[in-house]
Amino acid sequence: MRVLLGLGDSQLVQAGLRDDVAKGGVQFDPKQCSQNELMRLTRRFTHALGNNIGPEYDIPAPDVNTNAQTMVWMMDTYLNATNAHDRFSARGVVTGKTLTCGGSLGRDKATGQGTVYSLEAWADRRDFDFDGATFVVQGFGNAGSWAARLLCEKGAKLLAASNSRGVVYSNQGLDPVALLVYIAEHKDPAGFPGSESIPNKQLWQIKADILIPAALESQIREDNAGDIEVKVIAETANGPTTPAGDEVLREKGIDLIPDILCNAGGVIVSYFEWVQNKKSERWEIEEVDGKLRRFDQPPVLNPYPMRSFAGSGSAFGPRVQAAGSPRSCGVGTCWFRVASVRSTPGPPAGFRRLLHSSTHPAVCH
């Protein structure tokens, strides 16, 4: 949890936004719960938080196993304990809401969009053309599916995709929109027309240009990193690469766009949603995407001073970098991402080096 906390903090630092971050959640298996049970649990959790959250501090946002409906439940529970004349202005107590409840256009695709923006920056430096390129997505959820859709719009071909139930592959390419509809109906991607099911281990062995790990932490390890044959890995999940796996990738010369850059789109557009709620505005999708592109650029491309942390080998030079001068951790807007808590054997690969850097700005706990 502290690793995720520091990661979210650093994502806002590198984007030049406020960097106070918090993390939290409830440990349970949501797949074993009914919709009514999820609602009751969410409302009880929000009630227990009390005034530890608010529209001016500790703003909850969705993460693993949470969605817009979860955030609306949280907002509604909080507003029920708020004075009637303050309720409209208090909608910013959470982000990632539905549009009808004060959400932002572009929030649903923000993490996947940020991944594609990061890949575009990598492609510019590598003189890489997405048209005809191939890619694999491990974790075909919200972020992974949006990244797949946006890359396919650029002419790339999705060779394989997986979720917690299985993996499907097609050398002719998979339609990400049709696959998402199929999974929504059947849960398991197995049986998707025009594809074949393969073991999860074979997913890492598929030769492609881009690999997008968009599931959980510690998926690329020392025991499977040697099987990966791609040009670049775009870390859309939090900490999908272990330190040992990272060393193997470095030795193989595989570029890595770390999660601190690659999946920052979600928290950045959450900030945009909070700003819109504060100002009672609704930004058009073009404005949201344009601002996200500006803030979500890798820091080596941003026009202000940078500090690099230990490690090198990627197309961006140092694998983990941050921009600007250290910020104090005073009272301010914190991003409190609600997620099912999972244990992890250690910090993500790139972030491990960041944590041990003496130049890293203070992390709010």
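General observations
- Residue satisfying all of: in region 174-193; closer than 23 Å to Pro240 by Cα and under 20 Å from the mean Cα position of the chain (by Cα); surrounded by the most Cβ atoms within 10 Å (Cβ to Cβ) among these: Pro176
- Residue match in region 317-327 (condition: at negative phi, surrounded by fewer than 17 Cβ atoms within 10 Å (Cβ to Cβ), in a helix (DSSP H, G or I) and modelled with pLDDT under 90): no
- Residue within region 95-110 that is surrounded by 24 or more Cβ atoms within 10 Å (Cβ to Cβ), free of Cβ contacts under 8 Å to residues at least 60 places away in the same chain and part of a helix (DSSP H, G or I) present: no
- Check on Phe128, more than 23 Å from Val288 (Cβ to Cβ) and under 14 Å from the mean Cα position of the chain (by Cα): no
- For region 151-187, a residue qualifies if it is in a loop (DSSP other than H, G, I, E, B) and either under 21 Å from Gln205 (Cβ atoms) or at pLDDT 95 or above (or both), and the qualifying residues are Lys154, Gly155, Ala156, Ser164, Arg165, Asp175.
- Selected residue (only one of Arg125, Arg87 is surrounded by fewer than 21 Cβ atoms within 10 Å (Cβ to Cβ), among the charged types (D, E, K, R) and closer than 26 Å to Ile212 by Cα): Arg125
- If you go through region 194-245 and keep only what is buried (at least 24 other Cβ atoms within 10 Å of the Cβ), of a type in the set (S, T, N, Q) and not in a loop (DSSP other than H, G, I, E, B), you end up with just Thr241.
- Take the conditions (1) surrounded by fewer than 21 Cβ atoms within 10 Å (Cβ to Cβ); (2) closer than 28 Å to Gln32 by Cβ; (3) more than 14 Å from the chain's Cα centre (by Cα); (4) at pLDDT below 90; Pro60 misses just one of them, which is (1).
- Odd one out for Val267, checked against (1) among the β-branched types (Val, Ile, Thr); (2) modelled with pLDDT of 90 or more; (3) crowded, with 24+ Cβ neighbours inside 10 Å: (2)
- Gly92 touching a residue at least 12 places away in the same chain (Cβ under 8 Å), on the phi > 0 side of the Ramachandran plot and not charged (D, E, K, R): no
- Qualifying residue in region 145-156 (condition: touching a residue at least 24 places away in the same chain (Cβ under 8 Å), of a type in the set (Ser, Thr, Tyr) and closer than 25 Å to Asn224 by Cα): yes
The values are calculated or read from the model by the stated rules, or taken from the named source; none is laboratory data. The shown structure was predicted, so the numbers you read here are calculated from the model rather than taken from an experiment. Neighbour counts run over all protein chains shown; Cβ positions are idealised from the backbone, glycine included.
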